[in-house]
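Undergrad: Mind looking over this structure? Questions follow.
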Amino acid sequence: DQQVKQNSPSLSVQEGRISILNCDYTNSMFDYFLWYKKYPAEGPTFLISISSIKDKNEDGRFTVFLNKSAKHLSLHIVPSQPGDSAVYFCAASHTDKIIFGKGTRLHILP
Amino acid sequence: DAGVIQSPRHEVTEMGQEVTLRCKPISGHNSLFWYRQTMMRGLELLIYFNNNVPIDDSGMPEDRFSAKMPNASFSTLKIQPSEPRDSAVYFCASKGQGAISNQPQHFGDGTRLSIL
């Protein structure tokens with residue numbers, strides 16, 4: 001029973017183009033959503049978050065969009081850079097617990 | 001500032017042995033989380049503590065797993081006896097105070113555990 005789903009295990013994007021990573025959730029009690037980035041042999045690092053009362057949050061090249069009616073969120077990276085190649089985890093929280101998706105591996109192509 | 005510190009980084013041991021993983025959270029953080037990452041199941045929450053008290057251990061897979069937090073700066077995750085299916089990367093994370101949901105967790109670099 002996956003409450004947070006990332007249906008694309010991997011994604012390849014040309015450098016300079018927009019990367020769009022998608023995430024779906026099932027539990028309407030989630031009130032905060034986060035994206036984490038993970039490099040090999042390191043722990044996940046926090047990237048950007050959004051409260052359930054908002055539909056968009058932007059931080060530099062990173063923007064997260066939330067569609068509550070569809071229980072869907074997405075992370076946009078523009079322009080994509082080589083250092084963005086990593087695994088991206090979508091996560092959702094209610095109280096102290098965070099539920100993570102299985103991740104999407106993003107490859108930025110030269 | 002030091003981040004979350006986990007030790008050892010790698011552990012290889014034989015089936016049946018006791019394994020102890022250690023975590024030092026970020027100073028001042030009052031919540032600590034233990035996760036397990038596998039290919040099949042992704043990042044799973046095993047247990048978390050608030051102010052050194054275990055709050056939710058529903059993710060602990062079996063009685064072979066136990067976790068303690070004797071003080072605000074140290075936690076252990078113990079597996080006894082260990083089995084090959086316990087092989088995974090184990091992460092510790094900590095979180096500061098603030099509104100319940102909106103503080104991000106900070107992760108250590110994990111312990112890669114291999115049980116032969």
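Undergrad: Using a 10 Å cut-off around each Cβ of peptide B:47-59, what is the average number of partner chain Cβ atoms that fall inside? Can you show the working numbers first?
TA: Numbers: counts 0, 3, 1, 1, 0, 0, 0, 0, 3, 3, 0, 1, 1.
Mean shielding by partner chains, rounded to a whole number: 1.
Undergrad: Further question: Within 10 Å, count the other beta carbons around each residue, average over each peptide in B:37-46, B:24-33, and list them highest first. Please report the intermediate quantities before stating the final value.
TA: On the way: B:37-46: 15.9, B:24-33: 19.2.
Most protected by this proxy first, the peptides run B:24-33, B:37-46.
Undergrad: Take peptide B:36-45, look around each residue's Cβ out to 10 angstrom, count Cβ atoms belonging to other protein chains, and average those counts.
TA: Numbers: counts 0, 7, 1, 1, 1, 2, 9, 12, 2, 5.
Mean partner-chain Cβ count within 10 Å for B:36-45: 4.
Undergrad: On to the next question. Out of all DSSP beta bridges with both ends in chain A, state the antiparallel percent to the nearest 5. Intermediate results must be reported in sequence, preceding the final value.
TA: Numbers: 38 of 43 bridges.
Around 90 percent of the beta bridges assigned by DSSP in chain A are antiparallel ones.
Undergrad: Sort the following peptides by mean Cβ neighbour count (other Cβ atoms within 10 Å, averaged over residues), highest first: B:86-93, B:59-66.
TA: B:86-93, B:59-66
Undergrad: What's the average, rounded to a whole number, of partner chain beta-carbon atoms within 10 Å of each residue's beta-carbon in A:36-43? The partial results should precede the final answer.
TA: Working: counts 4, 0, 5, 1, 0, 6, 4, 15.
Mean partner-chain Cβ count within 10 Å for A:36-43: 4.
Undergrad: Placing +1 on the Cβ of each Lys and Arg and -1 on the Cβ of each Asp and Glu in chain B, which of B:Gly28, B:Met40, B:Pro84 has its Cα farthest towards the positive end of the resulting dipole?
TA: About the Cα centre, the residue reaching furthest to the positive side is B:Gly28.
Undergrad: If you don't mind, there's one more thing I want to ask. In terms of modelled amide H atoms, which long-range or inter-chain residues lie less than 5 Å from the amide H of B:Leu46?
TA: B:Trp34, B:Tyr35, B:Arg36
Bear in mind these aren't lab numbers, they're just calculated from the coordinates by the rules spelled out. Because the structure is a prediction, the values reported are computed rather than measured. Please note: Cβ atoms are built from the backbone with ideal geometry, for glycine as well, and neighbour counts cover all protein chains shown.
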